[in-house]
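*Asks:* Have a look at this one.
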Amino acid sequence: MRFRLLAVALLTLLAGGCVGVPQGGRVLSGNAGGTEQPVDDPFVGIIPVGPARDWSPIAIVEGFRTASSSFDGPNGDHQVARSYLACVSCWRPGVASIVYSKLDPPSYEQDGPNRATVTLQGTQLGQIGADGQYIADARDFKQVFHLRQDAQRQWRITDLPSELLLSRDDVTRAFRTLDLYFFAPDSQMLVPNPVFIPLVSRSWLPTQLVKQLIGGPTTWLKSALVRSAFPVGTRLRGLRIDGGVATVDLTRQARAGDLNNMSIQLMWTLRQLREVQRMELRIDGKPVDVPGVSGALQSTRDWAAYNPNGGGEPQPAYVRLADGRLGRLDAARASAVPTKVQAGHPAISYDDRQVASLNDAADTVTVTDLIGGAVRTTLRATAKGGRFTPPSWDSRGNVWVVESTKTGSQLWVIEGGTRSVAVDGWALAQYPVKTLRIARDGTRAAVIVKVDGRWQVQLGRVDRAPSGGLQAEGFISISSELQSAIDLTWSTTDHLAVVGMTQGNPSPSLFDVPVSGAPISPMIGPGGEITTITASPGSPLLVTQRISGDKTLNVCRLSVQYDEWKCFNGTSNPAYPG
């Protein structure tokens, strides 16, 4: 029997649908993360088809793989895919998945008169964990399926891998990437935790989103000691969205929690859904009054002060002038700041009072007051040939910098801009590091690190070591598409802007890189060679440009309103606070 198509992709206007992984667009504003695709947008859905009579083992495995890319059934439990199995109740995959870019033709072995083995091999891009966390991990993979014939002499799968096997397009169709929000360890700053959540129905997605929030952060972020306000044992009794109001009903255990903090986490997580403008919090079926909120209904405005991107207002832009001094960039020109500060790769504190900078040899970091010009501290390289990465501030007033050599690196933190401390728990000590940018929340660090001869973009977490000191560990790759990187910056709390190269484009280009692991998106640059980049939520993107054949550097600014670049001659190393 000729093998027919097992799944039909239809452009379907589904009530609860959207494209789960963002595929394009420029992310430069200060909006909450995870809002690239509204939840009620059209999306490409899969209509799975069960096995036909007398299909071969290869056809059964191929049909099962295709059907399993659809989370069909009332609870997304792959009803059609289970019809390919000898035991329909023995398979509970969850969302754990291998995401592949290439799949080789399947191989087949007959193990006896009524038994067979089918092997699938290909090129992996990464993996989605059982908790929805994505980790890029490009490698070859192999999955083995065992089959037998039943009493009707129909082939069915008896033994199979625990993970789903999904192409990048499958992930785009079947998942939505959304943020869960938790608190930084020692502050009220919100930390986004991007997760991949399968699309089952309109009502299922928000319910699953809140359940995952209450359940806590992914294993990767949990180690950063982020906090959740939901007491242990709290569960979701019900969630209803009507007229823009999300009514969230929690079990009685929630009474022991902080009502304000639970509301902040819920509101910032639910506001990613277009249909949610306000929220009513209930415990054990009864509405509760939340301190500081007027009336029973909360709105996004009630918790606007907790925006993880900051206020979102345009920030002052700084540059290095041709004579090496620190300058400030206004609408028309760059001019020196009143204090004569020499500033190589300047980094400005969030309160706009201090600047950390490198000397020309990049072997000394100096922290200076912007007003008065007094030097607060100086950090000199300790290793032979050590050079520092451009400094980066967190919102607590600490400067982070990596001293790197050809064979390794050391992370330093200048606490309060005055006291230098070597970070003992530095997971990248054996690798050279080109760039480190600490997130505003201080719990995550984006780096460009040289691994296996390639400059990779990785994301790590910052937390306390068992000894009580700081450590930076758990570094993971977030993109298999970038082949190499030159510079990066946080454009929002869950997106990076990166100067890098892909396999199809070896020339340095600009890319929007979601830290969730969703596909990267190209951005249009100003032309020429781009060497550095900086961004801030609500502010224009800034890059340093070098025109071919000309040694002069220029800072170029992107006008978000007109989508045009304006360049300022003789300037370099742009910086926003942070």
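The values are calculated or read from the model by the stated rules, or taken from the named source; none is laboratory data. Since this is a predicted model, take the numbers as computed values, not measurements. Note that each Cβ is placed from the backbone with ideal geometry, even for glycine, and that neighbours are counted across all protein chains shown. Side chains are part of the model used for accessible areas, which takes the heavy atoms of the whole protein and leaves out ligands, DNA and RNA. Shrake-Rupley method; radii C 1.70, N 1.55, O 1.52, S 1.80 Å.
*Asks:* How many residues are surrounded by fewer than 19 Cβ atoms within 10 Å (Cβ to Cβ) and in contact with a strand residue (DSSP E or B) (Cβ under 6 Å, 6 or more places away or on another chain) when one looks only at region 371-382?
*Replies:* Going through region 371-382 one residue at a time, the tally reaches 5.
*Asks:* Name the one entry in Arg156, Arg148 that is touching a Lys or Arg at 6+ places or on another chain (Cβ under 6 Å) and either of a type in the set (Val, Ile, Thr) or in contact (Cβ under 8 Å) with a residue 60 or more places away in the chain (or both).
*Replies:* Criteria check complete, one pass: Arg148.
*Asks:* Report yes if some residue within region 402-415 is farther than 27 Å from Arg380 by Cβ, open to solvent by less than 20 Å² (accessible area, probe 1.4 Å) and at pLDDT 95 or above; otherwise report no.
*Replies:* Within region 402-415, not a single residue is farther than 27 Å from Arg380 by Cβ, open to solvent by less than 20 Å² (accessible area, probe 1.4 Å) and at pLDDT 95 or above.
*Asks:* Kindly indicate which of Pro537, Pro522 is surrounded by 19 or more Cβ atoms within 10 Å (Cβ to Cβ), closer than 30 Å to Leu180 by Cα and within 25 Å of the chain's Cα centre (by Cα).
*Replies:* Of the residues listed, the single one that is surrounded by 19 or more Cβ atoms within 10 Å (Cβ to Cβ), closer than 30 Å to Leu180 by Cα and within 25 Å of the chain's Cα centre (by Cα) is Pro537.
*Asks:* Out of all the residues in region 540-578, which are open to solvent by less than 50 Å² (accessible area, probe 1.4 Å), of a type in the set (Gly, Ala, Ser) and not in a strand (DSSP E or B)?
*Replies:* Gly570, Gly578
*Asks:* Which condition number in (1) open to solvent by 30 Å² or more (accessible area, probe 1.4 Å); (2) more than 29 Å from Pro194 (Cα to Cα); (3) among the aliphatic types (A, V, I, L, M) is the one that Ala138 fails?
*Replies:* So Ala138 meets the others, but not (2).
*Asks:* Then there's this: I'm trying to understand the selection: among the residues of region 187-225, which are under 22 Å from Leu281 (Cα atoms) and assigned to a helix (DSSP H, G or I)?
*Replies:* Trp204, Leu205, Pro206, Thr207, Gln208, Leu209, Val210, Lys211, Gln212, Leu213, Ile214, Gly215
*Asks:* Every residue in region 419-449 that is assigned to a loop (DSSP other than H, G, I, E, B) and either surrounded by 17 or more Cβ atoms within 10 Å (Cβ to Cβ) or modelled with pLDDT of 95 or more (or both), please.
*Replies:* Selection gives Val423, Ala427, Leu428, Ala429, Gln430, Tyr431, Pro432, Ala439, Arg440, Asp441, Gly442, Thr443.
*Asks:* Additional query: Residues that are in a strand (DSSP E or B), open to solvent by less than 40 Å² (accessible area, probe 1.4 Å) and either touching a helix residue (DSSP H, G or I) at 6+ places or on another chain (Cβ under 9 Å) or modelled with pLDDT under 95 (or both): does region 284-306 have at least one?
*Replies:* Yes, region 284-306 contains a residue that is in a strand (DSSP E or B), open to solvent by less than 40 Å² (accessible area, probe 1.4 Å) and either touching a helix residue (DSSP H, G or I) at 6+ places or on another chain (Cβ under 9 Å) or modelled with pLDDT under 95 (or both).
*Asks:* Tally time: how many residues in region 107-141 are under 27 Å from the mean Cα position of the chain (by Cα) and free of Cβ contacts under 8 Å to residues at least 24 places away in the same chain?
*Replies:* 4
*Asks:* For the subset of region 230-268 comprising residues that are among the charged types (D, E, K, R) and either farther than 19 Å from Gly295 by Cα or more than 28 Å from the chain's Cα centre (by Cα) (or both), which member is surrounded by the fewest Cβ atoms within 10 Å (Cβ to Cβ)?
*Replies:* In this case the residue turns out to be Asp242.
*Asks:* Further question: Among what's in region 72-108 and is in contact with a Ser or Thr (Cβ under 8 Å, 6 or more places away or on another chain) and closer than 23 Å to Ile135 by Cα, pick the residue that is most open to solvent (accessible area, probe 1.4 Å).
*Replies:* Out of the qualifying residues, it is Lys102.
*Asks:* Also: Go through (1) open to solvent by 10 Å² or more (accessible area, probe 1.4 Å); (2) more than 21 Å from the chain's Cα centre (by Cα); (3) under 29 Å from Trp55 (Cα atoms) and name the single condition Leu164 misses.
*Replies:* (1)
*Asks:* Here's something else I'd like to know. Condition test on Asp169, is it among the acidic types (Asp, Glu), touching a strand residue (DSSP E or B) at 6+ places or on another chain (Cβ under 9 Å), over 24 Å from Tyr108 (Cα atoms) and surrounded by 24 or more Cβ atoms within 10 Å (Cβ to Cβ)?
*Replies:* The answer is no for Asp169.
*Asks:* Step by step: first the residues of region 91-106, then only those that are under 26 Å from the mean Cα position of the chain (by Cα) and free of Cβ contacts under 8 Å to residues at least 40 places away in the same chain, then the one that is farthest from Ser70 (Cα to Cα). Which residue is that?
*Replies:* Lys102
*Asks:* Can you tell me which of (1) outside any strand (DSSP E or B); (2) out of contact with any Lys or Arg (no Cβ under 9 Å at 6 or more places or on another chain) is the one Val118 doesn't meet?
*Replies:* The one condition Val118 does not meet is (1).
*Asks:* When the residues of region 55-98 are narrowed to those that are among the β-branched types (Val, Ile, Thr) and touching a Phe, Trp or Tyr at 6+ places or on another chain (Cβ under 8 Å), which ends up modelled with the lowest pLDDT?
*Replies:* Selected residue: Val95.
*Asks:* Do you know which residues across region 457-495 are free of Cβ contacts under 8 Å to residues at least 40 places away in the same chain and within 15 Å of Ala429 (Cα to Cα)?
*Replies:* Gln458, Gly460
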